[in-house]
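S.K.: This is the structure I want to talk about, given as structure tokens.
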Amino acid sequence: MKKLFSFLFVFSLFLTLAGCGGQPSPDTSVSGSSDGNASGAGSQTVNNSDLAYIQDKGTLIIGITEFEPMDYQDENGQWIGFDADMAKAFAKSLGVEPKFQLIADWDSKVMELESKTVDVVWNGMTLTEEVLASMSCSNPYYYNAQVVVAAADKAELYQTEESLASLRFAVENGSAGQAVAEEKSFEVTPVQDQATALLEVASGNADAAIIDYLMARAMTGEGTSYAELACTIRLCEEQYGVGFRKGSDLTGLLNHFFVEQYAAGEMQKLAETYDIADSLMEQK
């Protein structure tokens, strides 16, 4: 009887230990190229990574807002623009389909990333300290600035920062424009996006807007959607980058992709297509 009890005890102990320690630890190894070459990314197998995640589901969800000439819709409702076209090409290099997702509140872009509503924020995004701290960001690829837009017939009145002190500004919520306005203690009304900020000025609900120079150039002045509006002064210089989740292995792949595309002249051609080649940054 004692022998039977001893046997049962040892057998039970064996099962307990096997259940606690018998499972293999998760495999976090990466096979394939380690230099971040996006051209061969489609054949890589990466566990516990963004690359594996998007390849498994077959899509790269690209977080954007309506921002001409970076992301906007053509007459057929297709997303085009410098950023949109680059994002499509990057997705193709990874062997997945691009899917564009509007970020309704730009201030929630980090939450959208972390909740995996989007896989990347690619929308003429300024590399602010907050963005750099909360995302894994690509190398900068474009120079930009925050500019003041006002009624064309009053633009000459607002050529210095001092002249702006009494104005009411419309700014995109969570944008670089809002940040610079608040830094300078301007009176601001946050709105959904930069296009709405321009609409607020055009309709008289705001005296001026602070938006990206690229958008201001594309949407204001003669022959544009807002011929009655004009740029006045630049408030700050900045750079654009693309944002992934913290620790994402897609960041290095995109940096390498940018280098390849620039070396082949493809980034320059695309920038010329959308008339923004003057401030494209060299990728190396």
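Please treat every number below as a calculation from the coordinates, not as lab data. This structure is a prediction, so every number in the text was calculated from the model and none was measured. Counting neighbours? That spans all protein chains shown, and the Cβs are built from the backbone with ideal geometry, glycine included.
S.K.: Please state the shape class of segment 134-247: rounded when a/c is under 1.5, otherwise prolate if a/b exceeds b/c and oblate if not, all from the C-alpha gyration tensor. Write down the numbers at each step before the final one.
M.R.: On the way: a/c = 1.87, a/b = 1.61, b/c = 1.17.
The shape class here is prolate.
S.K.: Of T196, F257, M215, which is farthest towards the positive pole of segment 182-284's charge dipole, taken about the Cα centre with +1 and -1 on the beta-carbons of Lys, Arg and Asp, Glu respectively?
M.R.: Value computed over the given set: F257.
S.K.: Run the numbers for R168 and Q101: contour at 0.36 nm per residue of separation, minus the present Cα-Cα distance, in nm.
M.R.: Stretched out fully, the R168 to Q101 stretch lengthens by 21.0 nm.
S.K.: List the GluC sites (Glu not before Pro) in segment 177-244 that DSSP assigns to loop (not H, G, I, E or B) and whose Cβ has at most 15 other Cβ atoms within 10 Å. Which are they?
M.R.: Details: sites: E182, E183, E187, E200, E222, E228, E237, E238; in loops: E222, E228.
Within segment 177-244, the qualifying GluC sites (Glu not before Pro) (loop, at most 15 other Cβ atoms within 10 Å) are E222, E228.
S.K.: Which value, in debye to the nearest 20, gives the size of the charge dipole of segment 108-259 about its Cα centre, when Lys and Arg are +1 and Asp and Glu are -1 at the Cβ?
M.R.: For segment 108-259, the charge dipole is close to 380 debye.
S.K.: Report the local net charge at M86: Lys and Arg +1, Asp and Glu -1, summed over other residues whose C-beta lies under 13 Å from its C-beta. All intermediate terms of the calculation are to be shown ahead of the outcome.
M.R.: Details: positive: K88, K92, K269; negative: D71, D83, D85, E260, E266.
Counting the neighbours of M86, the net charge comes to -2.
S.K.: Quick one: of K57/K99; K154/K184; K57/K246; K57/K92, which pairs are farther than 18 Å apart, Cα to Cα?
M.R.: K154/K184; K57/K246
S.K.: Please identify which residues in segment 268-284 have an amide N closer than 13 Å to a label point set 7 Å out from the Cα of Y143, following the Cα→Cβ vector.
M.R.: Once the point is set 7 Å along Cα→Cβ of Y143, 277-282 turn out to lie under 13 Å by backbone N, inside segment 268-284.
S.K.: On to the next question. With the cut-off at 1.5 for a/c, could you classify segment 190-284 from its C-alpha gyration tensor as rounded, prolate or oblate?
M.R.: Because a/c hits 1.5 or more and a/b exceeds b/c, segment 190-284 counts as prolate.
S.K.: Among rounded, prolate and oblate, which fits segment 34-189 when a ≥ b ≥ c are the square roots of the eigenvalues of its C-alpha gyration tensor, a/c under 1.5 means rounded, and a/b larger than b/c means prolate?
M.R.: prolate
S.K.: Hey, rough spin-label estimate for E156 and L132, points 7 angstrom out along Cα→Cβ, what's it come to in nanometres?
M.R.: Result: 4.1 nm between the two label points.
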